[in-house]
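The values are calculated or read from the model by the stated rules, or taken from the named source; none is laboratory data. Please read all numbers here as calculations on a predicted model, not as lab measurements. Cβ placement follows ideal geometry from the backbone for every residue including glycine, while neighbour counts extend to all protein chains displayed.
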Amino acid sequence: MRLDILALAAVASASTLTPNVLPLFVRNPYLSSWLGNARKAPWEDWTMFWTGSHLGFSVMAAVPGSGNVYPLIGRPHDSLHHGHKLYNITYPEYLGPTFDASTTNLTYLLYGSSPDEPIKITLSFLSPITPSSTLRQSIPAAYLTVIAEGCFDVTIYTDANGEWVSGNRANEIKWDLYEPKTPEGSSEEATPIKTWKWSRSTEQHLTEWNDHAEWGTMHFTGPANVQHEAGTSGLLRQHFAEKGYLRNQIDRDFRRIMQEEPVFAFAKTFKLAGDSTKKGCSKTEDRVVFTFALIQDPVVQFASARGLTLMKPFWASHFASPDELVHYHYHDFKTASWLARNYSNSLARDAFESGSESYQDIAALSARQVLGATQFSGTPDDPIIFLKEISSNGNFQTVDVIFPAFPFFLYTNPKWLGYLLEPLLEHQLSGQYPNDYSMHDLGAHFPNATGHSDGNDEYMPVEECGNMLIMGLALANAFRYDTEPAFAQVSAGPNVVTNAIPASQNWPRSIDKFGFDFPGHRDRKTGFQTTGSKAAEKWLTRSYSLWKQWTGYLVRESLIPHNQLCTDDFAGWLANQTNLALKGIIGIKAMSEIADIVGREEEAKYYRKTAAKYIDKWQEYGISRDQTHAKLAYTWYGSWTTIYNLYADSLLCFHVSGSSSSSSSSWLEDKERRKRGFGRWFGTTGEQKPIGGGDDGNDDDDTSEKPFIPDKVYQMQSDWYSAVLQKYGLPLDSRHLYTKSDWEFFAAAVTGKKTRMEMLEAISAWVNETVTDRPLTDLYDTEGNGGYPGIYFMARPVVGGHFAFLALERACGGKAVEALRFMDEEPVAKIDVDEALKADMLEAKKMKGWVGDL
């Protein structure tokens, strides 16, 4: 195996921001390990689950002959004794962390007998994001690579405990070591492996304890030639510190997680000393790969069209057993790491061009967190992605959590957005939800999607109808205009793509034999295909009754919304919400395009004209009389709000003058597609194509001759945001100084460049300085120390909204962003905020009769 290829997973780009928490192993809601207090040394705390609870995982290093033992991550040294005659607890020089979208690296220097020739140790944690391989993305496993470079020998010790398989330390666990024979048909390069397996002695399927799964088996895998031992944590660590090795023994006294805490350990010696007769240091590099996998089957239960169903993991359609999966995943490191690097590099390039170096880091930090809320299920012909509303309340498949996350999926792989929407559509098409508006979620708590047959889910009718219609059209546009998954297989070549699906399995038509999504495949039930207007039409037609039903509700209820919740439910109920009304009206406009796509021309005209009438009324009701800002609510004078739903107007191409995306031609002509063939997937550039339509369509309805929402509204809000910006960002509205980072990026994406950069700088400062101590929160105070505002959100997938810039740049044939350039031409208007709000309140007194008309 070539080291230059292998190193791709071991070197993350230099990072400019210093977040307080970093992802380590993050694959789904239950395999979720993080480095807390990441601005400090990694050995000062144990690694943690996303809730902040401890996860027993540690790494130590020992230098033979010196007696020095170095803790690297976790607190294994708590088990050792200071002043021991056989070893010295020594702390390495920590060079700090770096990270990209898939990788977090921690780097150290260890000093031997010569202080001038330290050994460098890197712990590289890889949770690969692979847009062109849904199979790889679905595997609930991650990699740890330990790289040693220097001139003297060093031994690495690592262990993990039972906290990975239960949130209750009083539960008993069982364990074993599995040493398989290499499966038939494996590559000649396949390294023999061995795997620690442990689980609860009595599993409780589909249950949680403090958000930890109470079912599933942990697999901790390394090469067969490393040493192993299972036993009491303190005894193993002390023996390693004293002797420098493990004894290949297994303590089989099964017990509770913290009863003489059993741990499962590996040790590897790196022989780097070379020829001792030669003078000077000739540095040598070596490495070892470990994998961590949490195998669960079933992954959730889902009230599907055929009834309550135990859903198998997606990978189960491709592998005969968990052992076969673990073997494949371990030996897929070269390919998976290369794909992850490809995605990370392309994301970094796009984010830099869209914002700054800081935006590179924010996007990279957000990516694993989004996917860390997902479980891939279904079959190759009917893939499904399930999503947990992490931390806020644990709801299952929450529509207004998918919505803020959806820019990430549009950018990374639009089909994954379709797989997220599919269970919501299937459930409601089957008649299991009684209300005429869109449901809020599929179940009160993950992993149980039992639905709400009584209709008593959280009440956000305008919010969820608007969300579904906006996402539905955005996804259809992605299909119609040839949007590839981000960074599809680019010039991979035989030196990279070497790990085929096991010979024991017949791979399905949806993937090739190397596990890559097959571009021409159409999913059986959904009709999803990589490209094509017909695919978009088929998908929308299948659920047209729902789109129409939800739009009917919006026609009745969105212009003047009655007292209800919006997605920001922590702020409470409120009537006449300006931003909520805008979402509903854009939803009606989206339906006009959906109706056009499926050939319902008369219905399209009706919805288009209704939306045009409503948007004029919305401007009259929702904008302050001095035309400086949007009000929080129509009748709340002297207030203001962030109208982040303006983003959807641009994303869906409604702000591109003269455009009618529903009648425009495909981004590539069919003839050109045939000529290019698989070049889209195996080309050399890795460039994505734009999402959305062009401007070459014709529409005899004059509502398409001008932008749906006028330029002046965009300019007004851009100037206002600059005026009310605080130390760490843009407050959500005038009631509080807290903000939502997802909505900040939605809002900033449709502002002028100066305002956008001011907002980005403020958010970047918050990432660097916040005292929040959990995985990236989306709700924080914009003043003070940037902490939690009394509500503790953490690790939520809504940070996919941080990709709002990137998704918008690909919308409408690239014209969505161009249509906003007018805001860059003039300086930001100077606004006296206090005077503007006072003037609005004074105007309200004069217009009191008008207020009553509402």
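A few notes on this one:
- Taking (1) modelled with pLDDT of 60 or more; (2) in contact with a strand residue (DSSP E or B) (Cβ under 6 Å, 6 or more places away or on another chain); (3) part of a loop (DSSP other than H, G, I, E, B) in turn, Lys525 satisfies each apart from (1).
- Residue pairs meeting the criteria (Cβ under 7 Å; at least 6 apart or on separate chains; first modelled with pLDDT of 95 or more, in the stretch 536-554; second surrounded by fewer than 17 Cβ atoms within 10 Å (Cβ to Cβ) and in a helix (DSSP H, G or I)): Ser543/Leu429; Leu546/Leu429
- With respect to the conditions (1) in contact with a His (Cβ under 7 Å, 6 or more places away or on another chain); (2) more than 19 Å from Ala148 (Cβ to Cβ), Leu35 falls short on a single one, namely (1).
- The single condition among (1) among the hydroxyl-bearing types (Ser, Thr, Tyr); (2) at pLDDT 95 or above; (3) surrounded by 19 or more Cβ atoms within 10 Å (Cβ to Cβ) that Thr18 does not satisfy is (3).
- For the stretch 792-814, the criterion of being more than 15 Å from Ser354 (Cβ to Cβ), at pLDDT below 95 and assigned by TED's automatic domain parsing to the domain that holds Ser392 is satisfied by at least one residue.
- Leading residue by the ranking (surrounded by the most Cβ atoms within 10 Å (Cβ to Cβ)) among those in the stretch 778-819 that are free of Cβ contacts under 8 Å to residues at least 24 places away in the same chain and within 23 Å of Thr16 (Cβ to Cβ): Gly787
- Failed item in (1) under 30 Å from Pro29 (Cα atoms); (2) in contact (Cβ under 8 Å) with a residue 24 or more places away in the chain, with Asp78 passing the rest: (2)
- Yes/no for Pro731 being buried (at least 20 other Cβ atoms within 10 Å of the Cβ) and modelled with pLDDT of 95 or more: yes
- Residue count, the stretch 205-262 (criterion: at positive phi, surrounded by fewer than 21 Cβ atoms within 10 Å (Cβ to Cβ) and within 32 Å of the chain's Cα centre (by Cα)): 3
- Of all residues in the stretch 204-235, those satisfying the criterion of being assigned to a strand (DSSP E or B), in contact (Cβ under 8 Å) with a residue 40 or more places away in the chain and not aromatic (Phe, Trp, Tyr) are Glu208, His212, Ala213, Thr217, Met218, His219, Thr221, Gly222, Pro223, Gln227, His228, Ala230.
- If you go through the stretch 788-815 and keep only what is more than 22 Å from the chain's Cα centre (by Cα) and either within 19 Å of Ala762 (Cβ to Cβ) or not in a loop (DSSP other than H, G, I, E, B) (or both), you end up with Pro789, Cys812, Gly813, Gly814, Lys815.
- Looking at Phe290, Phe264, just one residue is in a strand (DSSP E or B), under 25 Å from Thr191 (Cα atoms) and out of contact with any Leu (no Cβ under 6 Å at 6 or more places or on another chain), and that residue is Phe264.
- Among the candidates Lys268, Lys279, residue that is modelled with pLDDT under 95 and either under 23 Å from Tyr143 (Cα atoms) or assigned by TED's automatic domain parsing to the domain that holds Ser124 (or both): Lys279
- Here Leu80, Leu31 are screened, and the one residue that is farther than 29 Å from Asn785 by Cβ and under 22 Å from the mean Cα position of the chain (by Cα) is Leu31.
- First in the stretch 429-440 and acidic (Asp, Glu), second anywhere and buried (at least 18 other Cβ atoms within 10 Å of the Cβ), Cβ under 7 Å, 6 or more apart: Asp436/Tyr553
- When residues of the stretch 599-626 are limited to those that are among the hydrophobic types (A, V, I, L, M, F, W, C) and closer than 17 Å to Ala648 by Cα, the one surrounded by the fewest Cβ atoms within 10 Å (Cβ to Cβ): Ala612
- Scanning the stretch 50-72 for residues that are under 36 Å from the mean Cα position of the chain (by Cα), outside any strand (DSSP E or B), within 23 Å of Gly231 (Cβ to Cβ) and of a type outside the set (Gly, Ala, Ser) yields one hit, Leu55.
- The helices (runs of 4 or more DSSP H) found wholly in the stretch 571-688 and carrying at least 2 residues that are modelled with pLDDT under 95 and either closer than 30 Å to Tyr780 by Cβ or more than 27 Å from the chain's Cα centre (by Cα) (or both) occupy 670-676.
- Residues being assigned to a strand (DSSP E or B) and either at pLDDT below 95 or acidic (Asp, Glu) (or both) - total across the stretch 154-176: 3
- Residue in the stretch 765-780 that is of a type in the set (Asp, Glu) and assigned to a helix (DSSP H, G or I) present: yes
- All of Glu163, Glu117 fail the test of being touching a residue at least 60 places away in the same chain (Cβ under 8 Å) and over 18 Å from Val26 (Cβ atoms), apart from Glu117.
- Condition broken by Phe333, with the remaining ones in (1) surrounded by fewer than 24 Cβ atoms within 10 Å (Cβ to Cβ); (2) within 19 Å of the chain's Cα centre (by Cα) satisfied: (2)
- Considering each residue of the stretch 319-326 in turn, at least one proves to be out of contact with any Gly (no Cβ under 9 Å at 6 or more places or on another chain), under 23 Å from Val299 (Cα atoms), of a type in the set (S, T, N, Q) and assigned to a loop (DSSP other than H, G, I, E, B).
- Extreme residue, surrounded by the fewest Cβ atoms within 10 Å (Cβ to Cβ), among residues of the stretch 409-464 that are in a helix (DSSP H, G or I) and aliphatic (A, V, I, L, M): Leu429
- Within the stretch 73-104, considering residues that are assigned to a strand (DSSP E or B) and in contact with a Leu (Cβ under 7 Å, 6 or more places away or on another chain), the one surrounded by the most Cβ atoms within 10 Å (Cβ to Cβ): Thr103
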